[in-house]
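Taking it in order: structure first as structure tokens, then the write-up.
What follows is calculated from the coordinates using simple rules that are stated; it is not laboratory data. Not measured: the values here are computed from a predicted model. Glycine gets a Cβ as well: all are built from the backbone with ideal geometry, and neighbour counts include every protein chain shown.
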Amino acid sequence: MNEESNNDLFGLRLNEQGIRYVRKFAILVKFVVLTGAISSLFLFIISVGRIIDPVYYDQIDFWENAYFNVYPYFTIILTILLLFQLYYYWKVKFQLEEAIENKNEIVFNESFKSLLKNAIWGLISGIASLIVATIDLLFWIKYY
């Protein structure tokens, strides 16, 4: 086998059905990114507000106060991670649309690089969320 046939995945071609799915995906991406960006904005505003005006409770101990006052920083970090993930998701959409419109296989293949970066940021976000959720769970078990 020559090198060109090794890189040609079964003579893969994007047919009309595949194009329809990509276009439906592009529409869905708009809503995913929009809802993710709006919720990130809301969480960011709430977290900054809690940082600017921290809450201190008289009836709870030092660790509980620390938890309530550090949690907004975790939320901001998670929000920023989500924005990176959304950016690469949006980039996949644009690359797929451009590849279809211009029949450009190079851009089509580049969309998989963006999809990989989206998955990497998703994994980082998932790990960060798991850490925060674990802290939440341990805090809940200890104090409730």
Item to check | Cα convex hull of the chain - mean projected area over all directions, nm² | outcome: 12.4
Next on the checklist: Counting other beta carbons within 10 Å of each residue's own, what order do Asp136, Asp53, Asp61 fall into, fewest first?
Outcome noted: Asp53, Asp61, Asp136
Next on the checklist: For region 68-144, which trypsin sites (Lys or Arg not before Pro) pass both filters: DSSP loop (anything but H, G, I, E, B) and at most 12 other C-beta atoms within 10 Å?
Outcome noted: Lys103
Checklist outcome for this item: Filtering trypsin sites (Lys or Arg not before Pro) in region 11-62 by DSSP loop and by at most 16 other Cβ atoms within 10 Å leaves Arg13
Checklist entry - Using a simple charge model, +1 on the beta-carbon of Lys and Arg, -1 on the beta-carbon of Asp and Glu, nothing else, what dipole does region 16-143 show about its Cα centre, in debye to the nearest 20? => result 500
Next on the checklist: Need the list of lysines near Lys113 for cross-linking: C-alpha distance under 17 angstrom, and skip anything on the same chain fewer than eight residues off.
Outcome noted: Lys91, Lys93
